[in-house]
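Starting off with a structure, shown below.
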Amino acid sequence: MNPTWSVQTGRLLLQPVWGGDLADLQRLKADPRVFAVMLGGVRSATQTAEELAADIAFWGRHGVGMWTVRDREALHFRGVVGILERPDGRGMALRFALVAGEQGHGFAAEAAGGALRFGHERAGLRRIVAVAREDNFASRTVLGAVGMGQCDAFDREGRRMLVYESLSRPRPGFPA
């Protein structure tokens, strides 16, 4: 794990996922209160292990990926946040999921904001998207809170999905 890929916010520490996170990730991704609304749904222990291996490899290829979200002081696991390539070709996408008891305290917006800054400023991503179900007001609130704006919509399996985007501002002397 490259320490330059870690992010600190006011309350949180975001660290790239690694093998030692497997048990926390398996509990999170097996919880239908959290992952039933995610692309791909609830994961088995084997699926989570396979995704973790893919996430670690993604970091190596792209210099960005999934982080665990932990309390800065006690290192208590709160969830995950990250930027991965969407399988539908829409681009690099912000993703986040918090342990059910950790929701409603502003952790998702704080972590998502840190991930977006890293994506634009340190990974050099010009455009980052996010997709949320139209009826998922909590996720949509987080996306708005971190400055993402709705740019598109599509239907998936009978549900309306909203696409949000964040565009970095070109720096003087750099191409737009």
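May I ask you to list the residues in segment 74-85 that are in contact with a Leu (Cβ under 9 Å, 6 or more places away or on another chain) and either part of a helix (DSSP H, G or I) or modelled with pLDDT under 95 (or both)?
Leu75
Looking at segment 113-157, which of its residues are over 14 Å from Ala93 (Cβ atoms), over 17 Å from the mean Cα position of the chain (by Cα) and of a type in the set (Asp, Glu)?
Glu134, Asp135, Asp155, Glu157
On to the next question. Scan segment 110-130 residue by residue and report those that are among the aliphatic types (A, V, I, L, M) and closer than 13 Å to Ser166 by Cβ.
Correct list: Ala112, Ala115, Leu116, Ala123, Leu125, Ile128, Val129, Ala130.
A quick yes/no check of all residues on (1) closer than 25 Å to Arg169 by Cα; (2) loosely packed, with under 13 Cβ neighbours inside 10 Å; (3) aliphatic (A, V, I, L, M); (4) free of Cβ contacts under 8 Å to residues at least 24 places away in the same chain:
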site: Leu14; (1), (2), (3), (4): yes, no, yes, no
site: Gly20; (1), (2), (3), (4): no, yes, no, yes
site: Ser44; (1), (2), (3), (4): no, yes, no, yes
site: Ala57; (1), (2), (3), (4): no, yes, yes, yes
site: Val64; (1), (2), (3), (4): yes, no, yes, no
site: Trp67; (1), (2), (3), (4): yes, no, no, no
site: Ala93; (1), (2), (3), (4): yes, no, yes, no
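The values are calculated or read from the model by the stated rules, or taken from the named source; none is laboratory data. Everything numeric in this text was worked out from a predicted model, so none of it was measured. FYI the Cβ positions are ideal-geometry reconstructions off the backbone, even for glycines, and counts take in every protein chain you see.
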